[in-house]
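The values are calculated or read from the model by the stated rules, or taken from the named source; none is laboratory data. All figures in this text were calculated on a predicted structure; none of them were measured in a lab. For neighbour counting, all protein chains shown are included, and Cβ atoms are generated from backbone atoms with ideal geometry for every residue, glycine included.
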Amino acid sequence: MIKYSIAIVDDEEIIRDALDITLSDKYNISLFENAELFIGSMKKKTPDLVLMDIGLPVMSGIEALGIIKERYNDIPVIMITAYEDINMVIQSMKIGAFDFILKPINPDILELTIKKAISSIALTKEVKVLQEKYLKDNQPCFVGESKNIENVMDFINMVAKSPDTPIMILGETGTGKEIIARAIHARSPVSQGPFIPVNRSAFPAEQLESELLGHESGAFSGASKQGKKGFIEEADAGTLFFDEVADLSLAGQAKLLRFLESGEFYKVGGTKKYHVRTRVVSATNKKIEALVKKEKFRKDLYFRLCVVKAEIPSLKERKEDIIPLAKHFLLEFNQKFSKTLTGFSKGAEEYLLAHEFTGNARELKNMIERAVLISKTKRLELDEFEDSLNLFNDKSKLNIAQHKDLGPGGIDLAKLLKSTEKQFMEQAFALSKGNESKAARLLNMNHHTFRYRWKKIIKK
């Protein structure tokens, strides 16, 4: 249970003490007799909520409110005032006060007003508390409460300390393997060096050598005149993260192994020997031991890469992390789409907990993004998830789902793709209620590209 902190700023000792006695059982209270002391204290620690008198000496409550909202805009401030200060109330609300209460203070109204203010920041506070469980100096971490994730983060904190030890991260698609790789880098002695992610699927097999090792000037047709650094050289004194390493060809595996054994390499088209010191973290969603047995992955490379293995549990193995993660993503997309959603309805939470996340945290993140984008309420409701999922997951509506195999008679591919594109665009329009910009974002398309395709395919 989170215990929120409240700063009380009032020049009357009797009021400070009365509020302290009334609220200290439920909240962490700090007391200040003037605005100057309070604002100075915020450099070291900020409260979750402020109760502040308007009629303060020297620096008035109105002046202090302006400074607080300028520097710490997310902190709600409740102003305390007498009846005769009603004009000041109007001014304070314009500056950004959350609400106000009148003297003499009614305890019931005070508690109700505080609860309203806290509900406006509850989501941010919950996510912050979760992040701070493992977060240090803004290092990457997993958000979660499960024992599984606690074990993973404890293991990472331990193995990250050795910068020369290769680490293999194993886990299903969407579990967050790159987050773990970044967490390892951030906690290692080479954290000040670069983190260079390499995804095998990002470039053709024939470009692998040049991308990894770099090339000298004029090494091949189309090569840069200035030459080029490869990923390995860019990762010098840092971390090279090789994602989907199990998809490397045997030839590519040999090149990677050669570097791992000596730390030395030659650029394509060159004779100069280069030497770098970089930590190698690799990842795969495949059963790599099975590939070794089938001789599709080199045993010697496997042993080189798997000095230490970190296994990331799937989301179905840590159901207790679904809601904390959902809140984390909700806060992220609130900021992205400039929204102020405060959380989830009970029905929405039950729906998320019951959902089978085959795509793991990535699927949950995409689901929250769609729901936040289309929501017009103060919190996410069950209907917003059901509408989105029914439109995007109902395979019976997709012609392409009927053609898993080509078949002896073949297909009209152009017609099939056009039909499928048309259906997705119609669904995106339905979800966004006809808003082209939102529909384009749902399909990860540029707004102008979406408009062009819409005119060409739908209106033709």
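Go through (1) at pLDDT 80 or above; (2) part of a loop (DSSP other than H, G, I, E, B) one by one and return the number of the condition residue 404 breaks. Result: residue 404 passes all but (1). The condition (being modelled with pLDDT under 85 and either surrounded by 13 or more Cβ atoms within 10 Å (Cβ to Cβ) or among the basic types (Lys, Arg) (or both)) is satisfied by just one residue among 222, 218, 238, 227: 227.
All of 381, 426, 436 fail the test of being touching a strand residue (DSSP E or B) at 6+ places or on another chain (Cβ under 9 Å), at pLDDT 75 or above and either surrounded by fewer than 15 Cβ atoms within 10 Å (Cβ to Cβ) or within 30 Å of residue 343 (Cα to Cα) (or both), apart from 381.
Scanning the stretch 31-56 for residues that are polar (S, T, N, Q) and surrounded by fewer than 16 Cβ atoms within 10 Å (Cβ to Cβ), we see that the one that is nearest to the chain's Cα centre (by Cα) is 46. Checked against (1) modelled with pLDDT of 90 or more; (2) touching a helix residue (DSSP H, G or I) at 6+ places or on another chain (Cβ under 8 Å), residue 320 meets all criteria but (2).
Comparison of 364, 353 shows that the only residue that is in a helix (DSSP H, G or I), among the aliphatic types (A, V, I, L, M), free of Cβ contacts under 8 Å to residues at least 60 places away in the same chain and loosely packed, with under 14 Cβ neighbours inside 10 Å is 353. Cβ separations smaller than 6 Å between residues 6+ apart or across chains give the following pairs from the stretch 262-275 residues that are β-branched (Val, Ile, Thr) to residues that are part of a strand (DSSP E or B) and surrounded by 16 or more Cβ atoms within 10 Å (Cβ to Cβ): 268/215.
Restricting the first member to the stretch 313-337 and to residues that are closer than 15 Å to residue 352 by Cβ and touching a residue at least 24 places away in the same chain (Cβ under 8 Å), and the second to residues that are surrounded by fewer than 21 Cβ atoms within 10 Å (Cβ to Cβ) and among the acidic types (Asp, Glu), the beta-carbon pairs closer than 6 Å and six or more apart or on different chains are 320/145; 323/349; 324/145; 327/126; 333/369.
What do you reckon, is residue 348 over 30 Å from residue 258 (Cβ atoms) and surrounded by 18 or more Cβ atoms within 10 Å (Cβ to Cβ)?
On the way: over 30 Å from residue 258 (Cβ atoms): yes; surrounded by 18 or more Cβ atoms within 10 Å (Cβ to Cβ): yes.
The answer is yes for residue 348.
Of everything in the stretch 1-30 that's of a type in the set (Asp, Glu) and not in a loop (DSSP other than H, G, I, E, B), which residue is surrounded by the fewest Cβ atoms within 10 Å (Cβ to Cβ)? Of everything passing the filter in the stretch 1-30, 13 is surrounded by the fewest Cβ atoms within 10 Å (Cβ to Cβ).
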